[in-house]
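Peer 1: One structure is given below, represented as structure tokens, and several questions about it will come after.
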Amino acid sequence: RIPKTVEINGKTYHTDSWFNIPSNVLSLTSRKLHLQKDHPVSITRKIVESVFPAPTYRYYNTFDPVVSTYENFDSLGFPPDHPGRARTDTYYINKSTLLRTHTSAHEAELFRTNPTGGYLISADVYRRDEVDRSHYPVFHQMEGARYWDRNKVPDGNLPAAVLKDLDRLPKHNMTVQDENPPFHMKRNPLQPHHGPWDVEAVGAHLKRSLELMVCEIFTRARKAAVMAEAENSGLSTILASCVVPENEPLEVRWVEAYFPFTSPSWELEVYYQGDWLEILGCGVSQQSLHINAGKPDQVGWAFGIGLERVAMLLFQIPDIRLFWSQDERFLSQFRGVEDNLDKLRPFEPFSKHPACYKDVSFWLKGSSAAGGGTGGATDWHENDLMEVVRDTAGDCVEDVRLVDQFTHPKTGRRSLCYRINYRSLERTLTNAETNEMHQRVVEELVKRLGVEIR
Ligand code: PHE
């Protein structure tokens, strides 16, 4: 079943036994939603770019998604046994070549080639994952970095230079909770190459920069919502623009995080509709990356953010599958926005089609009494089931959930029951069609995962 070679963006790659990319995922490597004018992912990219202006930041938007295992993991200090490397989590072409799982795969390279200053990357990334309204095997990230050269700042005083740049950044009026003194964090020690004032200054520059980005996004989201409401109630656009209120303060907080390639590290969370929502990961770059890049005197920060997540908030898009829709009723709603962000409005869902729930219950392979009776189904990974469902029923599935599990007290056999919600974004599925699709999913589960239907 494994093809000998695959072609991705015009290049041919040899596969080996590590190959695990289904054809539907392969076919999405050419879509590049982040570069498709007036697509919400591209509009979101533009808004982020506006907060990190050229020439301080250089933009890289066309890096190929095929990278080496070394670039995606080793160059960033991921340990050899890191779970992210598993074939259950990552799409491999062969043992040493994969579809990048994050834009950080290009960090080591840019630390070497990008002039001291900063950069912004946008790109498609790939992860094997669950099926629900906020997960899709392909999504888009933006990654930014800013760094200074210790030897090129006045008097070699890095903190002073960084704080001076911080002073030039605009202010915002968000309420920020930030309780953690950065270099006392347990998993986030001060790096041997950094003095406390280096980290204090770089961390402050990082935090203000990212707060400004989040402020920009949420201000735009709020304005879009208010404008739409005013227009729908019959006010003209000009009058509507007068009712946009001054920002009510937006609440954000910094929480400790861990990444192999930054220390200290944080995540930024935003209080949104009653919940704290994680928006991005970031930190002070590990000095080893700059050293390995042949630039031992560079010191700075990096962050990564998921564009679909942000776009879902910005446009009130309820389901991540919509981003891949070629339906005019979706795409037409964003025309002209990229060139005039004041035209941004919340997405208006076209009629929601009915959901159709179907359950599938099965015994796991290798957990049968006859097969030894140990009950240890060691090679079961939920992501494999998710992928069979996606591969067979495509975008007609809204989500897949484990609803019941059971281990037979005598035989030790393990049984699982999953509930699949079939709902197309574009049309009402007929009963016959859904039954047929579900039947095929069940057959594929038996064939590919060796489960026994109950
Ligand atoms: N690459 C990280 C992720 O995908 C995000 C990140 C980027 C964190 C840069 C720190 C610095 O989760």
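The values are calculated or read from the model by the stated rules, or taken from the named source; none is laboratory data. Keep in mind it's a predicted model, so treat the numbers as computed, not measured. Here Cβ is always computed from backbone atoms with ideal geometry, including for glycine, and neighbour counts include all displayed protein chains.
Peer 1: Please find, among ASN61, ASN72, ASN151, the residue that is free of Cβ contacts under 8 Å to residues at least 60 places away in the same chain and outside the structural domain of LEU402 (by TED's automatic domain parsing).
Peer 2: ASN72 is the lone residue from the list that is free of Cβ contacts under 8 Å to residues at least 60 places away in the same chain and outside the structural domain of LEU402 (by TED's automatic domain parsing).
Peer 1: Moving to a separate point now. Can you spot a residue in the range 357-377 that is under 26 Å from the mean Cα position of the chain (by Cα), at pLDDT below 95 and within 30 Å of GLU433 (Cβ to Cβ)?
Peer 2: There is no residue in the range 357-377 that is under 26 Å from the mean Cα position of the chain (by Cα), at pLDDT below 95 and within 30 Å of GLU433 (Cβ to Cβ).
Peer 1: Of these, ASP89, ASP129, ASP178, which one is within 16 Å of the ligand (Cβ to nearest atom) and more than 20 Å from PRO260 (Cα to Cα)?
Peer 2: None of the others qualify; the one that does is ASP129.
Peer 1: From the list PRO189, PRO137, PRO159, which one is in contact (Cβ under 8 Å) with a residue 60 or more places away in the chain and either crowded, with 16+ Cβ neighbours inside 10 Å or not assigned by TED's automatic domain parsing to the domain that holds VAL310 (or both)?
Peer 2: Just a single option satisfies the conditions, and that option is PRO137.
Peer 1: Now a separate question. If ALA145 satisfies all but one of (1) crowded, with 22+ Cβ neighbours inside 10 Å; (2) under 30 Å from PRO40 (Cα atoms); (3) touching a His at 6+ places or on another chain (Cβ under 8 Å); (4) not acidic (Asp, Glu), what's the number of the condition it fails?
Peer 2: Only one criterion in (1) crowded, with 22+ Cβ neighbours inside 10 Å; (2) under 30 Å from PRO40 (Cα atoms); (3) touching a His at 6+ places or on another chain (Cβ under 8 Å); (4) not acidic (Asp, Glu) is unmet by ALA145, namely (3).
Peer 1: Would a scan of the range 203-213 turn up a residue that is under 13 Å from VAL310 (Cβ atoms) and at pLDDT 95 or above?
Peer 2: The answer is yes; a qualifying residue exists.
Peer 1: On to the next question. In the range 82-99, what count of residues is obtained for those that are charged (D, E, K, R) and either part of a strand (DSSP E or B) or without any contact (Cβ under 8 Å) to a residue 24 or more places away in the chain (or both)?
Peer 2: The number of residues fulfilling the criteria is 1.
Peer 1: If VAL202 meets every condition in (1) in contact with a Pro (Cβ under 7 Å, 6 or more places away or on another chain); (2) within 16 Å of the ligand (Cβ to nearest atom); (3) not polar (S, T, N, Q) apart from one, which number is that one?
Peer 2: VAL202 satisfies every listed condition except (1).
Peer 1: Scan the range 11-35 for residues that are more than 25 Å from the chain's Cα centre (by Cα) and without any contact (Cβ under 8 Å) to a residue 12 or more places away in the chain and jot them down.
Peer 2: Correct list: THR12 only.
Peer 1: Right, here's the next one. Criterion first (part of a strand (DSSP E or B), outside the structural domain of ARG128 (by TED's automatic domain parsing), of a type outside the set (Val, Ile, Thr) and without any contact (Cβ under 8 Å) to a residue 40 or more places away in the chain) does GLN405 satisfy it?
Peer 2: Yes, satisfied.
Peer 1: Which condition breaks for THR411 when tested against (1) crowded, with 21+ Cβ neighbours inside 10 Å; (2) touching a Gly at 6+ places or on another chain (Cβ under 9 Å)?
Peer 2: (1)
Peer 1: While we're here: If you go through the range 95-121 one residue at a time, how many are farther than 25 Å from GLU382 by Cα, more than 13 Å from the ligand (Cβ to nearest atom) and touching a helix residue (DSSP H, G or I) at 6+ places or on another chain (Cβ under 9 Å)?
Peer 2: 2
Peer 1: Same structure again: Report yes if PHE52 is among the aromatic types (Phe, Trp, Tyr), surrounded by 18 or more Cβ atoms within 10 Å (Cβ to Cβ) and over 19 Å from the mean Cα position of the chain (by Cα), otherwise no.
Peer 2: yes
Peer 1: Now for a separate question. I want to confirm something. Restricting to the range 1-44 and keeping residues that are surrounded by fewer than 19 Cβ atoms within 10 Å (Cβ to Cβ) and charged (D, E, K, R), which single residue is modelled with the lowest pLDDT?
Peer 2: ARG1
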